[in-house]
Amino acid sequence: MNDHLDRIDVAQRTWPEPDILPLEVVGLGFEAGGRHLLSGVRLRFEAGVRTFVIGPNGAGKSLLLRLCHGLLEPSAGTIVWNGNPGAQHRRRQGMVFQHPMLLRRTVLGNVTYALKVHGIRGRANRERAFEMLHETGLEALARSPARVLSGGEQRRLALARAWSLEPRVLFLDEPTASLDPAGTVAVEDIMLRISESGTKLVVASHDLAQVRRLADEVVFLHQGRLLEQSPKGRFFAAPVSAEGKAFIEGRLSW
């Protein structure tokens with residue numbers, strides 16, 4: 001699937017002004033059941049770079065994405081989109097979960113329904129939906145029930161549905177977890193094309209090989225705290241924290 005430059009031209013988009021980026025997280029905390037799952041997280045997500053959030057199990061990767069997306073309310077701190085509260089920008093950013101939540105509809109119907117909810121109807125709706133299925137290699141399955149898709153196909157459908165709405169920012173939670181190598185390559189190819197179209201990707205991943213392939217910058221969490229935010233090359237060559245070094249070397253599991 002590396003011939004994407006010769007396929008349908010999904011041009012880089014220009015979003016309405018003002019932009020919702022940068023996204024700033026200031027003193028973010030989240031507590032549940034008396035436990036501090038995130039504490040004092042402060043970072044800034046800029047446009048134009050693919051950001052990967054990494055760390056051991058329980059570090060708070062998925063939780064950080066859900067808070068930024070607006071699914072959860074923080075216990076402390078603020079989330080600011082280009083100087084404005086996040087709620088008003090909910091329709092301009094999206095999230096794809098590790099286990100996609102698909103509708104009891106056809107593959108095509110999953111995309112057309114999302115477009116309809118966002119006010120895109122008629123011919124424009126169907127054209128956009130088929131374009132996205134073509135881009136994600138699902139066009140031949142358009143009339144199939146979404147429930148019969150393989151795990152990799154479900155991930156691609158979830159990406160097609162999210163991409164169809166032209167989000168300015170897309171949060172991806174472990175997008176290739178449990179996929180075979182071919183499925184991983186297919187999903188990663190789509191991720192790159194979404195990024196090339198102008199959407200900011202913020203990805204939670206446990207796959208360090210994937211991070212090396214796709215990331216521009218790395219956010220490293222450990223035990224709910226932000227320990228590093230740096231360019232990918234710098235993080236892997238010279239992590240500033242002992243925990244980061246141990247994680248890269250496979251010596252940090254929790």
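The values are calculated or read from the model by the stated rules, or taken from the named source; none is laboratory data. The structure presented is a predicted model; accordingly, all values stated were derived computationally and were not measured. All Cβ positions, glycine included, derive from the backbone under ideal geometry; neighbour counts span all protein chains shown.
Taken over the stretch 197-227, the criterion of being surrounded by 21 or more Cβ atoms within 10 Å (Cβ to Cβ) and either over 27 Å from Val185 (Cα atoms) or modelled with pLDDT under 95 (or both) is satisfied by His222, Gly224, Leu226. Between Ala238, Ala182, Ala142, the distinction of being over 14 Å from the mean Cα position of the chain (by Cα), surrounded by fewer than 19 Cβ atoms within 10 Å (Cβ to Cβ), free of Cβ contacts under 8 Å to residues at least 60 places away in the same chain and under 29 Å from Leu28 (Cα atoms) belongs to Ala238 only. Taking the stretch 46-68 as the range and being surrounded by fewer than 22 Cβ atoms within 10 Å (Cβ to Cβ) and either of a type in the set (Phe, Trp, Tyr) or touching a helix residue (DSSP H, G or I) at 6+ places or on another chain (Cβ under 8 Å) (or both) as the test, the residues that pass are Arg50, Pro56. Scan the stretch 217-235 residue by residue and report those that are out of contact with any strand residue (DSSP E or B) (no Cβ under 7 Å at 6 or more places or on another chain) and either free of Cβ contacts under 8 Å to residues at least 60 places away in the same chain or closer than 12 Å to Thr51 by Cβ (or both). Listed by number, the residues that qualify are Gly233, Arg234.
Selection over the stretch 94-107 of residues that are of a type in the set (S, T, N, Q) and modelled with pLDDT under 95 gives a count of 1. Residue count for the stretch 15-60, restricted to those that are part of a loop (DSSP other than H, G, I, E, B) and either charged (D, E, K, R) or free of Cβ contacts under 8 Å to residues at least 40 places away in the same chain (or both): 7. Screening Arg147, Arg104, Arg155, Arg128 for residues that are in contact (Cβ under 8 Å) with a residue 40 or more places away in the chain, among the charged types (D, E, K, R) and crowded, with 17+ Cβ neighbours inside 10 Å leaves exactly one candidate, Arg155. Sort out which residues of the stretch 72-124 are in a helix (DSSP H, G or I) and touching a strand residue (DSSP E or B) at 6+ places or on another chain (Cβ under 7 Å), and write them in order of number. Residues satisfying the conditions are Gly86, His89.
Every test in (1) farther than 20 Å from Glu166 by Cβ; (2) modelled with pLDDT of 95 or more; (3) not charged (D, E, K, R) is passed by Gly83 save one, and that test is (2).
For beta carbons closer than 7 Å, sequence separation of 6+ or different chains, a first residue in the stretch 61-78 that is modelled with pLDDT of 95 or more and a second that is among the basic types (Lys, Arg), the qualifying pairs are Leu72/Arg66.
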